[in-house]
Structures are given as C-alpha cells and as structure tokens.
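I have placed the structure first, in the form of structure tokens, so that the comments after it can refer back to it.
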Amino acid sequence: MTTTTQRHAAGELPLAGGSALITGGSGGIGAACAAALLRDGASVTLSARRPELLEATRQRLQPLVREGARLATIAGDSLDRGDVQAAIALACEHTGALDICIPTVGGGDIKPFLLHDETSFLKDIELNVISAFLVIRHATPIMARAGGGSIVCISSEAAKLSFPWLTAYVTAKCALEGMVRALAEELSRYRIRVNAVRPGTTRTEATGMIYADAETYRRFAEEKPLGRLGEPEDIAAGVRYLAGPESAWVTGQSFAIDGGNELRKAADMAPLVEQIYGAEVFAKVLRGEDPLALGQPDTQRPGDEY
C-alpha cells in the first residue's frame with residue numbers, strides 16, 4: 001500500500017485497495033477492529049466459529065463498507081488448518097492479495113494452577129498461540145509475494161503483569177509475544193511487519209461478569225490510573241494504527257492499551273475464583289492441597305471469540 005500522505009494527497013482513504021483478514025471476527029474486539037478498517041476503506045473478511053454471530057456482525061458492519069471495498073464472512077475454526085486456509089483464500093479474492101492479518105482468537109480459564117492438568121493447561125496455549133500461528137504461517141507466503149503486509153496479534157496485560165489464578169493464560173500470552181518478536185525479525189526480509197497490542201480488561205462476552213457487578217468493576221478499575229475498564233473500540237484504535245501505513249516503521253512491538261494498568265498491579269481475582277469454583281474448592285487451593293481429588297469443576301472457557 002502507498003503511504004498515508006500519498007493517499008491523502010490523492011483524496012483516498014488510507015486503507016483503500018487493501019484487504020484484511022480478522023479471525024475471531026464476531027467477537028467484541030474482532031468486530032471493533034473490522035469497523036475501524038472498513039471506515040478507512042479496507043476490504044475485510046471475518047472468520048469465526050459461529051455462523052449466526054458472524055451474520056449478525058456482518059449486518060451490523062455492512063453500512064461501513066466503502067465504495068470499491070467489500071465485507072465477507074466465513075465460518076471456521078482458527079485451530080483448524082483447512083479452515084484457516086479457506087479464510088485466507090476468501091480474503092484474497094477481492095484484491096488478489098492480503099495486506100493485513102489480525103488474529104484475535106484467544107482467551108482462557110480463570111483457574112487456579114492446582115486445578116489444571118496437562119490437557120487443560122495446553123488448551124490455553126493452543127487457543128492463544130496456535131490460533132495465531134496458523135494464520136501467520138499460511139498468510140506469510142501470500143504477503144511475501146505481494147511485497148509485504150502487517151500482522152497485528154492480540155496479547156494481554158497478562159503478558160506483563162502477574163495474575164494469580166490465570167497461570168495458563170499468562171503463559172500463553174507471554175509465548176505469543178515471544179513469537180511476535182521473533183517473527184518480526186524473521187519476516188522483515190519479506191517486508192512483513194509483526195506487532196501486537198496488550199489489552200487490559202475489555203468489555204467482551206467473556207468479561208461480562210466483571211462489567212455486570214459494580215463491586216467487581218470497581219475492584220478492577222481502581223488499578224487503572226485512567227479510572228475505567230476498556231471498550232472494544234479502545235483496542236481497535238491501536239490495532240488500526242499498527243495495521244496501517246501510519247506505522248510503516250514499527251515492527252516487533254507490543255503496545256499496552258490498558259488505562260495505565262501496567263503502572264500498578266493486577267486486580268484481585270480471588271473473589272471471582274471463589275464464586276466460580278465454590279468456597280470448599282477454593283479453600284483447598286489456598287491450603288496447597290490437590291483439589292482435583294474432588295473432581296475438576298466443569299467451567300466454561302472464557303474468550304473473546306471462543
């Protein structure tokens with residue numbers, strides 16, 4: 001893509017003629033990223049697992065599509081190589097290229113370390129790292145042939161702050177940021193930039209319990225110097241910058257968008273843990289005993305898309 005200055009001089013939108021793929025596109029952050037790209041002229045393809053949510057997102061975003069651009073959707077699992085390849089192929093149909101990839105799929109359990117086994121721990125790694133790996137792995141040859149592109153991953157403040165009760169998620173996001181840095185160096189030869197944003201607590205389907213309870217919201221917000229929790233549009237603004245030509249000299253970075261939370265500490269999640277698993281299990285955890293002897297609780301996997 002040409003530079004922002006060149007496009008503005010020509011009266012064009014800064015992302016006009018560009019094509020983007022967003023996985024997890026029906027989630028709060030994914031949809032907000034799509035809106036930001038569409039407003040600036042990009043064609044956007046959204047991939048997610050649930051067709052009904054994808055269609056609802058498409059209908060909501062369709063009015064933002066600019067002349068000459070398009071909005072497409074495809075149902076698929078970001079942990080399935082074939083589904084990822086199909087989404088990339090669809091994203092290339094409109095312009096013949098792929099300029100921007102934003103893998104937003106992620107999430108993880110609020111779960112004490114002693115409630116994990118090797119299978120549950122690995123699931124968080126797969127959800128946050130392998131979902132991004134598959135997109136980047138199969139998009140890279142297409143971007144390289146076209147002379148470059150921008151990849152923006154969704155990390156978390158958990159990659160920097162110590163969050164008890166989120167060990168698997170913290171581990172996964174640290175791994176994701178390591179991959180971002182290594183790929184930024186390795187893929188630079190193809191003029192592909194790789195960056196990430198680190199959202200703080202942001203309103204999504206997965207964080208609904210935090211936003212719904214005033215005391216929980218207060219406890220989380222008091223660790224944010226700016227005094228509030230995040231909205232998907234807060235994160236999308238940073239993603240849009242890293243995706244576009246304005247950040248043409250930026251790669252290998254992860255930007256915190258968290259209301260300043262990294263200046264303080266992680267919020268106390270112990271009350272949530274006790275609420276989810278019950279007082280008896282939580283007391284066993286606090287004593288350092290093995291709670292799996294009681295049978296591992298069946299919990300819903302939080303996540304922006306999953």
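Just so it is clear, none of the values below were taken in a lab; they were calculated from the coordinates. Here the structure is a predicted model, which means the values were calculated and not measured. Ideal geometry is used to build each Cβ from the backbone, glycine not excepted, and the neighbour counts take in all protein chains shown.
This model, with +1 at the C-beta of Lys and Arg and -1 at the C-beta of Asp and Glu, gives segment 164-207 a dipole about its Cα centre of some 180 debye.
With the helix formula -39500 (n - 2.57) applied to DSSP H stretches of n ≥ 4, the chain reaches a computed 222 nm mean residue ellipticity of -12500 deg cm²/dmol.
If I take every Cα pair under 8 Å that is 6 or more residues apart in the chain, average their sequence separation and divide by the length, what percent do I get for the relative contact order? Intermediate values should be presented prior to the final figure.
On the way: 624 pairs, mean separation 63.7, N = 306.
That works out to 21 percent.
Counting other Cβ atoms within 10 Å as a rough exposure proxy, the listed residues M179, M209 run M209, M179 from fewest neighbours to most. When the chain is described by a simple charge dipole with +1 on each Lys and Arg Cβ and -1 on each Asp and Glu Cβ, the residue from L229, G76, P14 located farthest towards its positive end is P14. Note on K173: lysines with a C-alpha under 27 Å away, same-chain residues under 8 apart excluded, are K111, K123, K160, K224, K265. Neighbour counting of Cβ atoms within 10 Å sorts the residues E215, E262, fewest neighbours leading, into E215, E262. Per-peptide packing, taken as the mean over residues of other Cβ atoms within 10 Å, places 230-243, 32-45 in the sequence 32-45, 230-243 from highest down. Relative to the longest principal axis of the Cα atoms of the chain, the long axis of helix 167-186 makes an angle of roughly 30 degrees.
Ranked for footprinting exposure by Cβ neighbours inside 10 Å, fewest first, L226, L21 give L226, L21. Each peptide among 140-148, 199-207, 99-107 gets the average number of other Cβ atoms lying within 10 Å of its residues, and from highest to lowest they stand as 99-107, 199-207, 140-148. Selection among A132, S156, F113 by position relative to the dipole of segment 97-163 gives A132 as farthest towards the positive end (Cβ unit charges, Cα centre).
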